[in-house]
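J.: Take this structure, written in structure tokens, and hold onto it; I'll ask about it next.
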Amino acid sequence: MSEKKLYTLPELPYAYNALEPFISEAQLRLHHDKHHAAYVNGANAILDRLDKARQVGSDLDMKATLKELSFQAGGHVLHSLFWSNLAPAAKAAKEPSGALADVLKKEFGSFERFKKEFTAAAASTEGSGWAALAWCGMTGRPMIMQIEKHNVNVYPMFRILMVVDVWEHAYYLDYKNERPKFLEAFWNIVDWDEVNRRLEAIIK
């Protein structure tokens, strides 16, 4: 029997200094190599714990174990999405194009209105968490989510198109506790082509 697969930390699709001056190399190294890696290791440790318990037939506190796994695996998934929806400012378009531009205009009236609502959602996320642009397949509409921690207030079955991490570990070295300044910087490094590819993969 082959070994069961585990989570792995993805490599960044750009150099550590590629997002400067909006995200510094020091901030990116800390966020990716330490914080994201901790979620990967945490999720794998829980999978190992589950495997060992099943092998010997021992009992686990399933409520606590699955809650912890949801937190750790959710952190890994969201961070993986985050890295890949960022791009160096020189390569990042100021606004989306293609299908994404069309659905945002249809839903929000304009890109600027979407940007305003998304920024407000990110700025007001309680505690540590995320803001996400997601796609509702039932209604065929883009929707904004606030995600507390990594796993609370998630809309089931909604496909995530874009995320921004608003845990302080995402920006503290560069912006201290000033989340709004980080969010202002975020819009300069969104990889709209990648976000559009995610949408087109869903609606094709």
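The values are calculated or read from the model by the stated rules, or taken from the named source; none is laboratory data. Everything numeric here is computed off the predicted structure, so don't read it as measured data. Because the Cβ atoms are built from the backbone with ideal geometry, glycine has one as well, and the counts that use them run over all protein chains shown. Protein only, heavy atoms only, side chains kept; ligands, DNA and RNA dropped before computing areas. Shrake-Rupley method; radii C 1.70, N 1.55, O 1.52, S 1.80 Å.
J.: For the range 101-147, what size does the Cα cloud have along each of its three principal axes, sorted from largest down, in whole Å?
T.: Each principal axis gives a Cα extent; for the range 101-147 these are 32, 25, 11 Å.
J.: For Y16, tell me the accessible area in Å² from a 1.4 Å probe, rounded to the nearest 10.
T.: Only protein atoms counted, so the area is about 60 Å².
J.: Pairs of alpha-carbon atoms within less than 8 angstrom and 6+ residues apart define the contacts here; what relative contact order does the chain have, in percent?
T.: Computed over the chain, the figure is 25 percent.
J.: Ok, one more. Give the value in nm², to one decimal: projected area of the alpha carbon convex hull of the range 120-167, averaged over all directions.
T.: Quarter of the Cα hull surface area: 3.0 nm².
J.: Could you give P(r) for the range 1-112, binned at 10 Å from zero, as whole percent values over all Cα-Cα pairs?
T.: For the range 1-112, the binned pair fractions read 12, 29, 26, 21, 10, 2 percent.
J.: Same structure, new question: Using the Cα centre of the chain as origin and beta-carbon charges of +1 (Lys, Arg) and -1 (Asp, Glu), tell me which of Y155, F114, T139 is placed farthest towards the positive end of the dipole.
T.: Projecting each Cα onto the dipole axis, the largest value belongs to T139.
J.: At a 1.4 Å probe radius, carbon and sulfur cover how many percent of the accessible area of the chain?
T.: Roughly 53 percent, rounded to a whole number.
J.: Right, next: Output the 0 to 90 degree angle, nearest 10, between the alpha-carbon long axis of helix 111-123 and the longest principal axis computed from the alpha carbons of the chain.
T.: For helix 111-123, the angle is close to 40 degrees.
J.: Between beta-carbons, use under 12 Å as the cut-off and find the net charge around D48, counting Lys and Arg +1, Asp and Glu -1.
T.: Net charge in that neighbourhood comes out at +2.
J.: Once amide H atoms are placed 1.01 Å from N in the peptide plane, what residues at a sequence separation of 5 or more from M143, or on another chain, have their amide H within under 5 Å of its amide H?
T.: Close amide H contacts, sequence-distant or interchain: A134, W135, C136.
J.: Within the range 103-151, report the GluC sites (Glu not before Pro) that DSSP leaves as loop and that have at most 11 other Cβ atoms within 10 Å.
T.: E126
J.: With a 1.4 Å probe and all protein chains left in place, how much accessible area per residue does the range 66-159 have, in Å²?
T.: Ligands and nucleic acids excluded, the result is 51 Å² per residue.
J.: Amide H neighbours of L86 under 5 Å, counting only residues 5+ apart in sequence or on other chains, H built in-plane at 1.01 Å?
T.: For L86, the qualifying residues are D191.
J.: Take every Cα pair under 8 Å in the range 45-166 that's 6+ residues apart, average their separations, divide by the length, and report that relative contact order as a whole percent.
T.: Averaging sequence separation for qualifying contacts and normalising by length gives 24 percent for the range 45-166.
J.: As a test of the definition: which semi-axes, in Å, follow for the range 25-80 when you take the square root of five times each eigenvalue of its alpha carbon gyration tensor? Largest first, please.
T.: Listed largest to smallest, the semi-axes of the range 25-80 are 28, 11, 7 Å.
J.: Let me ask something else. Throw me the Rg/Rh for the range 144-189, computed over C-alpha atoms with Kirkwood Rh, two decimals.
T.: Rg/Rh for the range 144-189 comes to 1.01.
J.: Let me ask something else about it. Can you list the trypsin sites (Lys or Arg not before Pro) in the range 21-106 that are in a DSSP coil and have 11 or fewer other beta carbons within 10 angstrom?
T.: Within the range 21-106, the qualifying trypsin sites (Lys or Arg not before Pro) (loop, at most 11 other Cβ atoms within 10 Å) are K91, K94.
J.: Treating the beta-carbon of each Lys and Arg as +1 and of each Asp and Glu as -1, no other charges, what is the dipole magnitude of the chain about its Cα centre, to the nearest 20 debye?
T.: Roughly 460 debye, rounded to the nearest 20.
J.: Which order, highest average first, do 184-190, 161-167, 55-61 follow once you tally other Cβ atoms within 10 Å for each residue and take the mean per peptide?
T.: 161-167, 184-190, 55-61
J.: Something else now. What is the Cα convex hull volume of the range 48-204 when expressed per residue in Å³?
T.: Normalising the Cα hull of the range 48-204 by residue number yields 141 Å³.
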